[in-house]
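Student: The structure's right below; bear with me while I get my questions together.
The values are calculated or read from the model by the stated rules, or taken from the named source; none is laboratory data. In this text, all values refer to a predicted model and were calculated from it rather than measured experimentally. We place every Cβ from the backbone using ideal geometry, glycine too, and count neighbours over all the protein chains shown.
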Amino acid sequence: MNQMLILLVEDNPDDVELTIRGFKKNNFSNEIVIARDGQEALDFLYGTGDFEGRDSTRQPTLVLLDINLPRIGGLEVLRRMRADDRTRRVPVVLLTSSKEDSDIKAGYDLGANSYVRKPVDFVQFTEAVRQLNLYWLLLNEPVPSIG
Amino acid sequence: MELSVQKKLVVGFTGIALINTVVFLSMYANTRQRTHANALVAHTLDVQARVLDVLARTTEAQTSARGFLLTKGEEKYASDYAKATIGIEEALTRLHQLVSDNPPQQQRVKEYITLARDQLNIYQRVIEAVKTSDRDTLAGIIAAGGGEPAMAEMRNLARELNAEEGKLLVERQDSFVAAGRRSLLLMLAVYILIHGILLGLMITLHRELKRRFAAEKAVRASEESLSVTLDSIGDGVLATDTSGRVTRMNPVAEQLTGWPIAEAAGRLVSEVFRIVNEQTREPAEIPVECVLRTGAVVGLANHTALIRRDGSENPIADSAAPIRNVDGQTIGVVLVFREVGAERRAQQALEASETLFRAATELTPHGLLIQREGKFVYANPSIVTLLGARTQDDLIGKPVLDFIDPETRELGRARILQLDAGAKTIPPMQHKCLRLDGSSFWGETTASAYEQDGKAGAVVVLHDISAQKEADEKIRKLNEELHDRARDLESVNKELEAFSYSVSHDLRAPLRAIDGFSLALMEDYHGQLDITAQNYLQRVRTATQRMGVLIDAMLNMSRMSRRALTIGKVNLSEIAQNILNELAEYDPNRKVTCDVVPNLEVEGDPELLRNVLQNLLQNAWKFTRNTEDARIEFKDVRNNGTTAFCIRDNGAGFDMKYADKLFSPFQRLHRVDEFEGTGIGLATIQRIVRRHGGKIWADGAVGKGATFYFTLNTTEAA
């Protein structure tokens, strides 16, 4: 079994730093790829742009996707992932900073698997990430690689 | 052409008279002709006789002369001769006269006479000669043949004459016979003709008599049936002759006047039929007199009463008409009258009903018209005014469609057709209506089919809805403005939403960083920080977390105000009970008595109402924290006729002085270290209650607990 790969799409460097710290605190040694906006995320997923030549058959085991992103928004990234056979089955957890019903609803409509509200209390956030990882990375069978 | 019997008779008898005249004239002519013919025959015979007489005399004279000669003068012969010659001249003259009408015969007669004279002359000379014994003369005469040649000639001529006369006789006899035959034929023809005419006249007369008998019988029968009819007529019938005297009355007339016909007959009608004007008591003119004067049919003036013979009085109605014979001459007057008491009452009832309906149609502020075949036959005063007419007459007869604006006239026509096709009523419709002067107004028409005398029509009600239209227009404008405002509001809401979103996202992110990195410091550099530093970091974290809570509460409030209501049936009791159960579960150390009145149901948005109860019950739970025997109630109370719900606790309570601050955002009556809270909760639920058309208020005192009341009305307040 390949090492698990997590794609974190997040534009706020603080949140990136704290999330990675959260993973480390929970002793996850999985590979984490950071994309700082939607375009970068899509380039990574499909081996385009800065990620030209990446083997796009190897898809992340989990995508943590912030909704509010520069350039291409999180919901748009999700839509494109679900429209592409390579990423159709990749589990996506939305990260939101609001309780806006419309975002959550739109996310589920586009095929999000779950969502996490980023709390102000970071302990809560770390706990949420831990549980997510546990569920999606350890308990759930990862999506078989294509090819 | 059919000739009348009289004419036939006149023609027949005139024919007979004419024929008689003709017959008489022709008989007369015939008789005259025969008489004439007869005379001619006699004349012929006379001529013949005279010719022979002359011949005989001449012969006699010859014989005598010869005898005288032979006897040489015997006297006897001389006297014979004298006898023979006496009157011969007259005979000759007569003969000459007789044939004067026939020239050829006259010629012959002249010759004949000449011959006779010549001979007589000879014989005279012979006689003379004998007497004188003149031998020479005698010899000469004898030598000349004596009278013999002339005699022979005379005899021939006599034969000729008589033959001619005989011929004439035959002709005349024939003509006589022919006249007789003609006469006979004429008689026969006349006989036949007269008999024919007489037969024809007889037949005609027979027929006429038969017809007259039949007519007489019919008259008798009709007279009988007239009597029966008159007797059975419900009206009184009285007839008079031209002098105004009563000739007949039927039983009703007898009963109404009180006069039996036996007594009334021959009396003046004014005596039997006494009428007065009911109101003036003046004697009224009996129409009989008027009919006799004018020859026209006359009706009776209203309010006439008939006074019976016994003095009692009855209102009557009557009419009189002349009776005319076949020639059109007035030969009497017939008066028909009846009692009108019952009729009068019916008339009065009708008038009362008419008045009622007239009031209904004329006093109604609605325009009312009746149209027949699309034209006005009735217009009430309201419609007269509505259509700008002065009187009903300005409208009667005009097509109703003329009063509808051409734009919608076809619709009006279609509606009329709909009614004509059998629709009973047609639904109201708004038209632009035209007044007589061409100006227009908005009207609404409703119509019900109303057929009269087999002609299609309708009763139409017309309202002037200009004012309503104007009001509608105003409302429409207001609505438009409202709509615009709602749109503005909506865009403001959208902006607010965007703002909330960014607040939520952008304000929370730095907080998260502050909290996260503070935690990282505390955890990763624990050994390097003293107690105070750690305490400070802890304060930083507490403050950022509280700010996070405030932001969330604020966003929640804005969401609650913006969210569209989803109205449904909500069981408040059930929700309250669930919330209390959750609170008890979450805080198992607390002992709180909860009293929830079951099955309080309302119409409303379940999620928002749950939010209200959650807030109020949490508050109650929170503020009874330090109360022994904590108690929380949820129940309904009657308040000014409406139902209010209330949540009461026996907790910390509040000072009523600050009651008005309770529902303002971020206003708190307790310190955070006493009771935590954002100060947003009550502000939020007040918005929810208001959106349900309700009110929320509180009652309480410090240390005595608090009671929150709210009412709901499902209609959403703007």
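Student: When you look at B:Arg546, is it more than 11 Å from every other protein chain (Cβ to nearest Cβ), in a helix (DSSP H, G or I) and more than 21 Å from B:Phe499 (Cβ to Cβ), yes or no?
Tutor: Spelling it out, it is not the case that B:Arg546 is more than 11 Å from every other protein chain (Cβ to nearest Cβ), in a helix (DSSP H, G or I) and more than 21 Å from B:Phe499 (Cβ to Cβ).
Student: Here is a list: B:Arg293, B:Arg207, B:Arg281. Which entry is at negative phi and either loosely packed, with under 12 Cβ neighbours inside 10 Å or outside any helix (DSSP H, G or I) (or both)?
Tutor: Checking each option against the conditions leaves just B:Arg293.
Student: Of B:Phe176, B:Phe213, which residue is under 30 Å from B:Asn38 (Cα atoms) and either of a type in the set (A, V, I, L, M, F, W, C) or under 50 Å from the mean Cα position of the chain (by Cα) (or both)?
Tutor: Result: B:Phe176 is the single residue among B:Phe176, B:Phe213 that is under 30 Å from B:Asn38 (Cα atoms) and either of a type in the set (A, V, I, L, M, F, W, C) or under 50 Å from the mean Cα position of the chain (by Cα) (or both).
Student: Now for a different question. Collect the residues in segment B:258-296 that are at pLDDT 85 or above and in contact with a Gly (Cβ under 7 Å, 6 or more places away or on another chain), keeping them in residue-number order.
Tutor: Matches in segment B:258-296: B:Leu268, B:Val269.
Student: Of the conditions (1) free of Cβ contacts under 8 Å to residues at least 24 places away in the same chain; (2) in a strand (DSSP E or B), B:Leu335 fails just one. Which one is it?
Tutor: Of everything listed in (1) free of Cβ contacts under 8 Å to residues at least 24 places away in the same chain; (2) in a strand (DSSP E or B), B:Leu335 misses just condition (1).
Student: In segment B:671-692, which residue that is among the charged types (D, E, K, R) and in a helix (DSSP H, G or I) is farthest from B:Leu712 (Cα to Cα)?
Tutor: B:Arg687
Student: Pick from B:Lys622, B:Lys591: which is touching a residue at least 12 places away in the same chain (Cβ under 8 Å), over 18 Å from B:Phe710 (Cβ atoms) and surrounded by 15 or more Cβ atoms within 10 Å (Cβ to Cβ)?
Tutor: Unique residue meeting the criteria: B:Lys622.
Student: Identify, from the list A:Leu65, A:Leu78, A:Leu69, the residue that is within 14 Å of chain B (Cβ to nearest Cβ), within 20 Å of A:Val33 (Cα to Cα) and crowded, with 18+ Cβ neighbours inside 10 Å.
Tutor: A:Leu69
Let's see how each residue does on (1) more than 24 Å from A:Thr126 (Cβ to Cβ); (2) in contact with a strand residue (DSSP E or B) (Cβ under 6 Å, 6 or more places away or on another chain); (3) assigned to a helix (DSSP H, G or I):
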| site | (1), (2), (3) |
| --- | --- |
| A:Arg21 | no, no, yes |
| A:Glu40 | yes, no, yes |
| A:Arg54 | yes, no, no |
| A:Val63 | no, yes, no |
| A:Arg71 | yes, no, no |
| A:Met81 | yes, no, yes |
| A:Arg88 | yes, no, no |
| A:Gly107 | no, yes, yes |
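Student: Does B:Val228 satisfy the condition of being at pLDDT 85 or above, hydrophobic (A, V, I, L, M, F, W, C) and on the phi < 0 side of the Ramachandran plot?
Tutor: The answer is no for B:Val228.
Student: Can you find a residue that is under 18 Å from B:Thr364 (Cα atoms) and polar (S, T, N, Q) anywhere in segment B:387-405?
Tutor: yes
Student: Those residues that are in contact with a Pro (Cβ under 9 Å, 6 or more places away or on another chain) and surrounded by fewer than 21 Cβ atoms within 10 Å (Cβ to Cβ), I need them from segment A:7-30; list them, please.
Tutor: Scanning segment A:7-30 gives A:Asp11, A:Asp14.
Student: Another question, if that's okay. Those residues that are without any contact (Cβ under 8 Å) to a residue 24 or more places away in the chain and among the small types (Gly, Ala, Ser), I need them from segment B:418-441; list them, please.
Tutor: Within segment B:418-441, B:Ala421, B:Gly438 meet the criteria.
Student: Here's a follow-up. Looking at B:Ala471, B:Ala513, which is the one that is among the small types (Gly, Ala, Ser) and away from chain A (no Cβ under 14 Å)?
Tutor: Answer to the selection: B:Ala471.
Student: Hey, does segment B:169-180 have a residue that's among the hydroxyl-bearing types (Ser, Thr, Tyr) and under 30 Å from B:Thr44 (Cα atoms)?
Tutor: Looking for residues that are among the hydroxyl-bearing types (Ser, Thr, Tyr) and under 30 Å from B:Thr44 (Cα atoms), one finds at least one in segment B:169-180, hence yes.
Student: Looking only at segment B:421-447, which residues are among the basic types (Lys, Arg) and loosely packed, with under 15 Cβ neighbours inside 10 Å?
Tutor: Scanning segment B:421-447 gives B:Lys424, B:Arg435.
Student: Related question: If you check B:Arg32, B:Arg50, which single one turns out to be in a helix (DSSP H, G or I), within 30 Å of B:Ala152 (Cβ to Cβ) and basic (Lys, Arg)?
Tutor: None of the other options fit; the residue is B:Arg50.
Student: Also, quick follow-up: Would you be able to say whether some residue in segment B:552-567 is touching a strand residue (DSSP E or B) at 6+ places or on another chain (Cβ under 7 Å) and more than 11 Å from chain A (Cβ to nearest Cβ)?
Tutor: So far as segment B:552-567 goes, yes, one or more of its residues are touching a strand residue (DSSP E or B) at 6+ places or on another chain (Cβ under 7 Å) and more than 11 Å from chain A (Cβ to nearest Cβ).
Student: May I pose another question? Of everything in segment B:484-503, what is within 14 Å of chain A (Cβ to nearest Cβ) and without any contact (Cβ under 8 Å) to a residue 60 or more places away in the chain? Give them in sequence order.
Tutor: Across segment B:484-503, the qualifying residues are B:Lys494, B:Ala498, B:Phe499, B:Ser500, B:Tyr501, B:Ser502, B:Val503.
Student: Test B:Thr114 against the stated conditions and say whether it is surrounded by 13 or more Cβ atoms within 10 Å (Cβ to Cβ) and either among the hydroxyl-bearing types (Ser, Thr, Tyr) or under 60 Å from the mean Cα position of the chain (by Cα) (or both).
Tutor: Yes, satisfied.
Student: Run down B:Ala262, B:Ala284, B:Ala317, B:Ala321 and say which single residue is out of contact with any strand residue (DSSP E or B) (no Cβ under 7 Å at 6 or more places or on another chain) and of a type in the set (A, V, I, L, M, F, W, C).
Tutor: Step by step, each of B:Ala262, B:Ala284, B:Ala317, B:Ala321 is checked, and only B:Ala262 is out of contact with any strand residue (DSSP E or B) (no Cβ under 7 Å at 6 or more places or on another chain) and of a type in the set (A, V, I, L, M, F, W, C).
Student: In the list B:Lys635, B:Lys704, which residue meets the criterion of being over 24 Å from B:Ile575 (Cβ atoms) and either modelled with pLDDT under 90 or not polar (S, T, N, Q) (or both)?
Tutor: Just one listed residue meets the conditions, B:Lys704.
Student: Find the helices (runs of 4 or more DSSP H) located wholly in segment B:215-272 whose residues include 2 or more that are of a type in the set (S, T, N, Q), and list them.
Tutor: B:251-257
Student: Starting from segment B:551-578, take each residue that is closer than 23 Å to B:Val637 by Cα and list its partners that are outside any loop (DSSP other than H, G, I, E, B) and aromatic (Phe, Trp, Tyr), counting only C-beta distances under 6 angstrom and pairs at least six apart or across chains.
Tutor: Listed pairs, sorted by first residue: B:Ala576/B:Phe634.
Student: Filter segment A:23-38 down to the residues that are over 20 Å from A:Phe122 (Cα atoms) and β-branched (Val, Ile, Thr) and list them by number.
Tutor: A:Val33
Student: Does any residue of segment B:523-536 turn out to be within 11 Å of another protein chain (Cβ to nearest Cβ) and farther than 30 Å from B:Arg631 by Cβ?
Tutor: Looking for residues that are within 11 Å of another protein chain (Cβ to nearest Cβ) and farther than 30 Å from B:Arg631 by Cβ, one finds at least one in segment B:523-536, hence yes.
Student: In segment A:7-37, what residues are of a type in the set (Asp, Glu) and within 14 Å of chain B (Cβ to nearest Cβ)?
Tutor: A:Glu10, A:Asp11, A:Asp14, A:Asp15, A:Glu17
Student: In segment B:470-524, what residues are farther than 30 Å from B:Ser440 by Cβ and of a type in the set (Gly, Ala, Ser)?
Tutor: B:Ala486, B:Ser491, B:Ala498, B:Ser500, B:Ser502, B:Ser504, B:Ala509, B:Ala513, B:Gly516, B:Ser518, B:Ala520
Student: Now, a different point. Which members of segment B:664-696 meet the condition of being over 18 Å from B:Asp552 (Cα atoms) and modelled with pLDDT under 85?
Tutor: B:Leu669, B:His670, B:Arg671, B:Asp673, B:Glu674, B:Phe675
Student: Filter segment B:43-68 for residues that are farther than 15 Å from B:Ala158 by Cβ, surrounded by 18 or more Cβ atoms within 10 Å (Cβ to Cβ) and out of contact with any Phe, Trp or Tyr (no Cβ under 8 Å at 6 or more places or on another chain) and give the result.
Tutor: B:His43
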